[in-house]
Amino acid sequence: MTNQGVDLLTINSGEAEQPFCYTVGLEGSKFLTEIRDNKRFVGIKCPKCGKVYVPPRKVCGPCFTEMTEWVPVKDEGYLHSYTILRFAFLDPETGKEKPVPYGYAFIRLDGADTDFQHYVEIKDEKKVKIGARVRAVFEEKRAGKITDVKHFVVID
Amino acid sequence: MAKEKTAIVATGQTHHRSSRLDVNGIELIHEAVTRCLEDGELTIDDIDAVVIGNMDHFEGINYVDTWSIDGSGAFMKPIIKVTTGGTTGSTVGHCGYHLVASGMFDKVLAIGWEKNSESDTTAAITTAFDPIWDRLVFAGAISGLAVEAMAYMVKYGATEKDAARVAVRDRKHATNNPYAQLRKEVSIEDVMNSPMLSDPIKLLDVCPRTDGACAVVFASEQYAEKICDRPAWIHGISAKHPYNYLGDYDWEDRLPSMQMASKELYAKAGIKEPLKEIDVMELYLPYSCAGLSWIEALGLCGPGQAPKLLWDGVTDMGGELPINPSGGVIATNCIGATALLRISEAAVQVMGRGGKRQVPDVNTALASGFGGCFWSDVTLLKSTKPK
Amino acid sequence: MNGVEDITIIGVGQTAIEREKPADTFADMAYEAVTKALDDAGMSIDDIDNIVTTSNDFWDGRTISSMAVNDAVGAGLGKNITTVEGDGTFSAFYGMCRILSGSYKNSLIVTHVKGSISDNIHITNGIFDPIYMRPIGLDSLNTAALQMRRYMAKYGISEEQCAKVSVKNHANALKNPYAQIKKTFTLEDVMDSRLIADPLKLLDCSPISDGAAAVIISGEESAKKHKNAVKVRGVGYCADAYFLGDRDLADANALDMAASRAYESAEIVDPLSEIDVAEVYDAFSYMELMWYEGLGFCAPGGGGKLIDRGVTEMDGKLPVNPSGGLLSGHPVITGGLIRLIEACLQVRGDAGDHQVKGVKTALAHGVNGACGQSHCVWIVGR
Ligand SMILES: [Zn+2]
C-alpha cells in the first residue's frame, strides 16, 4: 500500500516467541495427576457455600474462603452450554491455524457445581444439545495435562 | 459524593478503519489526542495527568504508558496505565474520573486505543484465558459469546432472527457516524445468510476488528464550564468483575455482572425506571445477541422480553430509548478504545455535539463496558451538575 | 494540601520473596498477601469496598493478567475493581485517589508477579519499540549497562562506588525475613562477579523473583487512630521521554519532578535532613546512586560521594533500603509496593531487625519502563 507516494511498510514479528512455564499450583496439580494416574475427576468443596469446584483452586471467590475438602466427581455429566467453532483462527499455543470445526463444551460433571471446559465430539451434530448427557474419553498415554482427556462424547 | 464534581469537557476519536498502515500506534494515539484537545480548545500544557489503556497482546508492546509518551503528550507529566481487557476503555474513563474527582488533578486526559490489525485478534484474546484450563478449547471472544447466546436462546426462546435485529439497528445507526468503520446498512436476511462462525453466531452478528483510538478530557468544576458550555457531568460509575473462570459463569442468567453494576449505579443516581429516565445509551454490545439479554440485565425489560422491545423500535433512533446512535461496537471495535468510545459518545450526546447521530434533548446518558470473563462497567452522565 | 492528609495506610502484607514458588499460582500468592494485609489491619474482606489489582500481561504470559487473581482478592464478592499495569506504587496512588474522590472508604491494593515462569530477556525486550529498538536486541540488562556507563562517564562515578550499594543492601537483607538473597558480599565479591553487560556485573543486578504484596489504604476518620496508622504526606509521579536517545540517561529528570511534587505536598524542603529512611528502586546498584540525586539527597553527580561517606548505611544520616532492596529480591510490579510497605513498617516501628531508630518520615519509590523512565515517590509519616 502507498500513501502520498510513500510505500507503507510493516515489519513481521516472524519467529519471535515468548516461552512460559506456567504454574499449575497445588490444587490443579492434584486434579491433573488424578486424571493422569487414575482416570478420575476430583473437585474441591467450599466449606461455606458448599459449592464443588471443577477445576479445583484454593479460594471460593464469592465466599472469599479457602477450600481444602476434596470430593469425587464423575467422568459423566451434561452439556450446560456449547458452541461449534467453524471459523479459522491462529492457535496461540501452537502458532498454527486451529483445525475446525470442533465442539466447545461447558460440561457440568455429576457432583460438580461449576463447568469443566473441553471438546465435545460433533460426529453427530443433532445429538449435541444443551442438557445432553456426556462422558469423558481418556487418552491411552497421559502426561498430567488437560489433553489427557481426549474429549467428551454424547451418550444419550 | 465526590470531593470534586467532574465532567467530560472534550472528546476526540480517529476515523476508524480495519487497518491504518499510514500511522503507527503512537501516531494513532496522537491523532485522537489532538482532536480531543481541539474539541476543548486546549493545548497539551493544560493537561495535568494522563491515563492510557489497551490490551498488551494485540500489539505486543510492554509498558504502553512509557512507550506512548510521544503520542499521549505525557512527556514530563504523570501517566498511568490501566487495563482490564474489553472493559479497558471504561476502566480508563473511570480512572480519569477518579483522578479529577480526588482533587489531585484538574484536567486529566484519558486515552484508549488499539491497533487490532497488528495481530490475530482471536489468538490474542485467547491468551487472556487461563493457560492450564481455558486455552485448549477457548477460541477468543466469539466462542464465549456463542456459548452465552446458545444458553439464552434455549432458555428464553429468542431466535437468531431476533438477534439479527440488533445488528441491523446498529449498522443502520452507523451510517450517521462519520467515524464508524462499517457504514453500510445490512438487512435481517443479510445477517441470517452470513457464514456461521460459531453456532449460533454468524459473521454479521459480530463486531469487526479495528485500528482506532479515543481520547477524553475530564475536568474539575472549576474548569469544566470554562472549557465546555454544556459539560457531561459524571453522576455515577460501577465496575463489576466477579468471575475469573469461564466455567463458573451462570450462562442462563443474562450477564449477572451487568445486573450488579446497573443496580448499584441506579441506586447511586436515584434511577428507578431506566427505560423512562435515561435518554440514550451507548452500550458495549460486541455481538447481536448481547443487544437482547444484556439490556434485560440493564433492567430495560423483564427476562426474555428484549426481542419485543427491539422489534417495536423502542431502541432505534426516534424510539423511546435510542441505543448506540454511533453504530456501536458492531460497527467499530478497536478494543482498548471501545468502552471509552461508549463514554465519549454518551458525552457527545449530552454535549449536543452528535451531528447526524444526535438524539434530541439528551439530559441523561448511560455508557457500558464489557470484557474479561463476562465483566461489566457502567457510567452515568448528565447535563446537570451532581449535587 | 491536596487532601492526602486524610489518607492512612493501615494494613500491609507481603509473601516471602523467592526465586521460584512452584506450589503457588498467581491467585495463591495474591491471596496470601491479601490475607496478611487484612490480618495486619485487623479487618475482614467485608471492610474493603474496592480493589486495585496490579499485574503485567507480558510477565504473566497472559493478556488480562488481572483475571487470574480476581477470586483471590475479593472481586467475587461483587466489589468494584480495577487494574493498573505497572509498578505497585502507581496502583497505590490510584487506590488513594479512589478514596479521595469520595467513592470509597477502604482500598485494597494488590500486586503479583512470577519472574520464574518466563524469560526476562524476552519480556523486557518487549518494552522496546518493535521497529527501531527491539530488533537490535535491547533488554533491561543491556540498556541498564548503557545507562550505567553514561552515568559514570558524565559524573566520574566509579564501578566501586556502584558496587558499594550492592554490598550495603545485601548486608541489610540479612535482617529482613522476606528477602530472597541473604548472603554477605564484599566489595571484591561484587567487583569480581561475572560480567553481565560491561560495566554491569552479576552482583550489580537484582535477581529474578516471585512475590506478591498488598496494602490497605483508608480514608476513614477512625483509621487515623488505628494502631498501624501511617499517614500519607505526599505522592508524585512523572514520566520522561520514551526513546532512550531522547534522554540523557545520566540524569533522572522525571524522578526529580515526581519527588518535587511529593515534597511540595509533604512540605519537605531539605530531603536529606527531613527524611529518616528511604526505600528506593535499586533494580541495579548504580540506579540507587542515580536515584539519590533525582530524589535530591545530593546534587547531580553526588551519588558516589554519598555512598562513600556512608550517609545511606544503616547507621548513616539517611539509611536507604534497610530491607535489602530489590538487589536482594526483585518481584517486578510488586517491587515498588514492597518499598511502600517497608516504609510503612519503618514508620510504625514494626520493621524488626532492620528497623531504623526514630523514623518519623519515610520515602518509598517505584519505577516503570526502561532505565527509570517513569517514577512514583511516596512520603509517609506519623
Ligand atoms: Zn463458597
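The values are calculated or read from the model by the stated rules, or taken from the named source; none is laboratory data. All values reported here derive from a predicted model rather than from experimental measurement. Glycine gets a Cβ as well: all are built from the backbone with ideal geometry, and neighbour counts include every protein chain shown. Heavy atoms of the whole protein, side chains included, go into the accessibility calculation; ligands, DNA and RNA do not. Shrake-Rupley method; radii C 1.70, N 1.55, O 1.52, S 1.80 Å.
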In segment B:9-161, carbon and sulfur make up what percent of the accessible area (probe 1.4 Å)? 49
If r is the Cβ-Cβ distance from B:THR34 to A:MET1 and R0 is 22 Å, what FRET efficiency results, to the nearest 0.05? 0.40
Long-range amide H contacts for C:GLU18: which residues qualify at under 5 Å (H placed 1.01 Å from N, peptide plane, sequence gap of 5 or more or a different chain)? C:ASP210
Pull out a ≥ b ≥ c, the square roots of the eigenvalues of the alpha-carbon gyration tensor of segment C:184-319, then state rounded if a/c is under 1.5, prolate if not and a/b is larger than b/c, and oblate in the remaining case. prolate
Could you order B:THR384, A:THR33 by accessible surface area, starting with the largest, using a probe radius of 1.4 Å? B:THR384, A:THR33
Of all DSSP beta bridges having both residues in chain C, the percent classed as antiparallel (nearest 5) is 75
For B:LYS240, counting only lysines whose alpha-carbon sits under 18 Å away and dropping same-chain residues fewer than eight positions off, the answer is B:LYS263, B:LYS268, C:LYS79, C:LYS105
Rounded if a/c is under 1.5, else prolate if a/b beats b/c, else oblate: with a ≥ b ≥ c from the C-alpha gyration tensor eigenvalues square-rooted, which is the protein assembly as shown? prolate
Whole angstrom only: what separates the Cα centroid of segment C:98-149 from the Cα centroid of segment B:176-229? 32
Surrounding charge for B:GLY212, neighbours by C-beta under 11 angstrom, Lys/Arg +1, Asp/Glu -1, total +1
Total accessible surface hidden between B and A, rounded to 100 Å², 1.4 Å probe: 3400
Which residues, if any, in segment A:15-42 have at least 50 Å² less accessible area in the whole protein complex than in the isolated chain, probe 1.4 Å? A:GLN18, A:PHE20, A:TYR22, A:THR23
Going residue by residue through segment B:301-310, the Karplus relation 6.51 cos²θ - 1.76 cosθ + 1.60 with θ = phi - 60° gives ³J(HN,Hα) values, rounded to whole Hz and with x marking Gly or Pro, of 6, x, x, x, 9, 4, x, 5, 4, 5
What list of ³J(HN,Hα) couplings, whole Hz, do you get for segment C:302-309 from phi and the Karplus terms 6.51, -1.76, 1.60, once you set θ to phi - 60° and write x for glycine and proline? x, x, x, 5, 4, 6, 4, 7
Which parts of segment C:107-142, residue by residue, lose 40 Å² or more of accessible area when the rest of the protein chains are there, as against the chain isolated (1.4 Å probe)? C:ILE117, C:HIS122, C:ILE127, C:ILE131
Quick one: angle between helix C:253-266 and the longest Cα principal axis of chain C, in degrees between 0 and 90, rounded to 10, please. 40
Mind grabbing the interface size between C and B? I mean buried accessible area, both sides, 1.4 Å probe, in Å² to the nearest hundred. 4800
Over both sides of the A-C contact, add up the buried accessible area with a 1.4 Å probe and give it to the nearest 100 Å². 1800
Anchor A:LYS129: aspartates and glutamates whose Cα lies under 16 Å away (excluding residues fewer than 8 positions away in-chain): A:GLU76, A:ASP115, A:GLU121, A:ASP156, B:GLU148, B:ASP199, B:GLU252
Sparse-neighbour loop sites [trypsin sites (Lys or Arg not before Pro); segment C:312-349; at most 16 other C-beta within 10 Å; DSSP]: C:LYS317
So the angle from the long Cα axis of helix B:335-351 to the longest Cα principal axis of chain B, reported in degrees to the nearest 10, equals 70
Estimated FRET transfer efficiency (B:ARG183, A:LYS30; beta-carbon r; R0 60 Å; 0.05): 0.65
Contact order normalised by length for chain B, with contacts defined as Cα pairs under 8 Å and 6 or more residues apart; what percent is it? 26
Below 8 Å, C-alpha to C-alpha, sequence gap of six or more: please give me the relative contact order for segment C:312-382 in percent. 26
With springs connecting C-alpha atoms under 10 Å apart, model chain A as a Gaussian network and identify which of A:ILE11, A:ILE84, A:ILE130 has the largest mean-square fluctuation. A:ILE11
Taking chain B as a Gaussian network, Cα atoms linked when under 10 Å apart, which of B:ASP106, B:ASP170, B:ASP248 shows the biggest mean-square fluctuation? B:ASP248
On each of the three principal axes the extent of the alpha-carbon atoms of segment A:18-154, given in whole Å and largest first, is 42, 39, 31
On the protein heavy atoms, probe 1.4 angstrom, tell me the percent of accessible surface of chain C carried by carbon and sulfur. 51
Please say if segment A:114-156 is rounded, prolate or oblate, where rounded means a/c under 1.5 for a ≥ b ≥ c the square roots of the C-alpha gyration tensor eigenvalues, and otherwise the choice is prolate for a/b larger than b/c and oblate otherwise? prolate
What is the Cα centroid distance between segment A:118-133 and segment B:79-152, reported in whole angstrom? 31
Just tell me which aspartates and glutamates come within less than 13 Å, Cα to Cα, of C:LYS154; anything on the same chain fewer than 8 places away is out. C:ASP248, C:ASP251
Please compute the per residue accessible area over the protein assembly as shown with all protein chains in place, 1.4 Å probe, rounded to a whole number of Å². 33
Give me the net charge for the shell around C:CYS298: Cβ to Cβ below 14 angstrom, other residues only, Lys and Arg +1, Asp and Glu -1. -3
Zone reached by a paramagnetic label modelled 7 Å from C:THR184 Cα along Cα→Cβ, restricted to segment C:303-325 with backbone N below 12 Å, covers none
In nm, the gap between the two label points placed 7 Å beyond Cα toward Cβ at C:LEU141 and C:ALA153 is 2.2
With a 25 Å threshold on alpha-carbon distance, the violating pairs from C:LYS231/C:LYS305; A:LYS51/B:LYS161; B:LYS5/B:LYS272; A:LYS51/C:LYS21 are C:LYS231/C:LYS305; A:LYS51/B:LYS161; A:LYS51/C:LYS21
Given segment A:18-154, what percent of its DSSP beta bridges are antiparallel, to the nearest 5? 95
How much FRET efficiency would the formula 1/(1 + (r/R0)^6) give for B:GLU225 and A:LYS141, where r is the Cβ-Cβ distance and R0 is 60 Å, rounded to 0.05? 0.25
Which residue fluctuates most in the GNM of chain C (Cα springs below 10 Å): C:GLU220, C:GLU342, C:GLU159? C:GLU220
For C:MET314, B:MET351, give the ranking by accessible area with the largest first, probe 1.4 Å. C:MET314, B:MET351
Multiplying the sequence separation of B:ILE44 and B:TRP311 by 0.36 nm and subtracting their Cα-Cα distance, what value in nm do you get? 91.5 nm
I'd like the orientation of helix A:25-38 relative to chain A: the angle between its Cα long axis and the longest Cα principal axis, in ° from 0 to 90, rounded to 10. 70
Leaving out ligands, DNA and RNA, and with a 1.4 Å probe, what % of the accessible surface on segment A:18-154 is carbon or sulfur? 49
